[in-house]
Structures are given as structure tokens and as C-alpha cells.
1. Against the globular-protein guess of 2.2 N^0.38 Å, express the Cα radius of gyration of the chain as a ratio, rounded to two decimals.
2. Could you compute how much accessible surface H37 exposes when probed at 1.4 Å, giving the result in Å² to the nearest 10?
3. Please compute the contact order of the chain in relative form: average sequence separation of alpha-carbon pairs under 8 Å and at least six residues apart, divided by the residue count, as a percent.
4. Collect residues whose amide H, placed 1.01 Å from N in the peptide plane, falls under 5 Å from the amide H of L109; neighbours closer than 5 in sequence don't count.
5. Per residue and in cubic angstrom, what volume does the convex hull of the Cα atoms of the stretch 130-209 have?
6. Could you work out the helix-only [θ] at 222 nm for the chain, with each DSSP H run of four or more residues adding -39,500 (n - 2.57) and the total divided by the number of residues, to the nearest 500 deg cm²/dmol?
7. Quick one: 3J(HN,Hα) in Hz for the stretch 155-165, Karplus 6.51/-1.76/1.60 with θ = phi - 60°, rounded, Gly and Pro as x.
8. Need one number for the stretch 135-175: average projected area of the convex hull over its C-alpha atoms, nm².
Amino acid sequence: MMQLVLPLQTRSAQGRADFIVAPGNEQAVAFLDSYPHWPAPAVALYGPPASGKSHLAAVWAEQAGARIVEAHRLGADVPDGALVVENVTQGVPEAPLFALLERGAPLLLTAQLPPAAWSQAYGLALPDLASRLQALLAFALWAPDDALLMGLAVKLFADRQVIVPESVVAHMIRSLERSPAAIRDFVAQADAVALAEKRPINISLIKELLEGPPAPRLP
């Protein structure tokens, strides 16, 4: 099977219907879908890069009419209304984060680690903040299985206006590191090579990329 490779601008599909639901994330999806009937006003999503945190956060932000801010940009003035705080990590301002957890308005936080680990991992010193994080409702977004990996790869290719045969995607998945970031980076590489060389993304191309460049010949 051949596909038409066009040099079109990549647009990541970010709607609710575009999110791939699998056993490793279905609890998080169900909870966000239940808004505004949450049992608690604040929740955290955590997982590795490219696991879907920002995608789900954007979906919920549209549903809730929430603003989205990066954690490192939090300031002394705590925003009103629903809010998404993305990428909680080292250096997050502690006082504004604690104030957001205290105010009781809808709040969605994203990070790579679960909230219970933030104090130690990110050097947070406020005791009251540590206590709140220990009790914060949180959902993991990544438990890699073949169905989710396949769905992710197909979606990433589709975002680039490319349809790749299932057998080709399956071979790619079996050979790559089982992480969203590895799949995302490999799809980008395959698409770039296919465009540059005007080739279809097929088994031959995938094998070449997986094997890497040939070793230099010794003199």
C-alpha cells in the first residue's frame, strides 16, 4: 500500500474525540468527563512526556471555560474561576500553588510525577502545601499496551496527513522503546525522511530508520 506524502503543516488533533482511551487512562478520562460533578475541586494528571496530559487538559479547559497557565508563571495574584496549571516541576512558586489549592475553584494540574512526590522531587518547603499535595486526587495517564501504542502512532501520522498501513505501524511499535515520547519522535523522523526523499512510509523505510546509518567503512 502506498500513501500520498504531502508537505503540509502538522496540526495535532486536540479534540475530545481525538484522545485515545485505553485501560491506562480511562479513569482519568471518565473523571474529567464527569465535570462539573467532581467530588473535589482539584485534580492532577501525571505521566511522561507525550502521554496526553496537555491534550486532556485542553479538552477540559474548553469544557470548563478554564484558563491555561504554565506552573512557573504563577504569580502572587491568584486567578479567579476554573484554571489549568501545566507542567508542575522544579521551581514552581509555592505560595501561589498553595493559594490555588485553598480557594476551592475548579483546578487541574499536570506533571510528570504524582503529587505525593512533588515536595521531595521538586524541593517544596511549605509544610501545608506538602499536606495538601499528599491528599490531592490524581490520575496516571500512562500504562503502555499495544492498543494504546498503536492508536497513538496512527494518530500522530494522521496529524501529519499520512496514512500508514497497520502492519508497518505494528512493526514500528514492536521495535521502539515503549514510551509516548519515543513514538512521537520516531513518527516525526519518519515523516521528515519520507518528505525529503519523496518515499512512502513503508516497512523498508521503517527498518532503515530503526537500523540507523551504516557504520563507516574502515580504511
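1. 1.20
2. Approximately 150 Å² for this residue.
3. Computed value for the chain: 27 percent relative contact order.
4. V43, A44, L45, V85
5. 114 Å³
6. -13000 deg cm²/dmol
7. Here the 3J(HN,Hα) series is 5, 5, 5, 4, 4, 9, 6, 10, 10, 10, x Hz.
8. Over every viewing direction, the Cα hull of the stretch 135-175 projects on average to 4.0 nm².
The values are calculated or read from the model by the stated rules, or taken from the named source; none is laboratory data. Predicted model, so just to flag it, every value in this text is computed and none were measured. When the accessible area is computed, the model is the full protein with side chains, heavy atoms only, and any ligands, DNA or RNA have been set aside. Shrake-Rupley method; radii C 1.70, N 1.55, O 1.52, S 1.80 Å.
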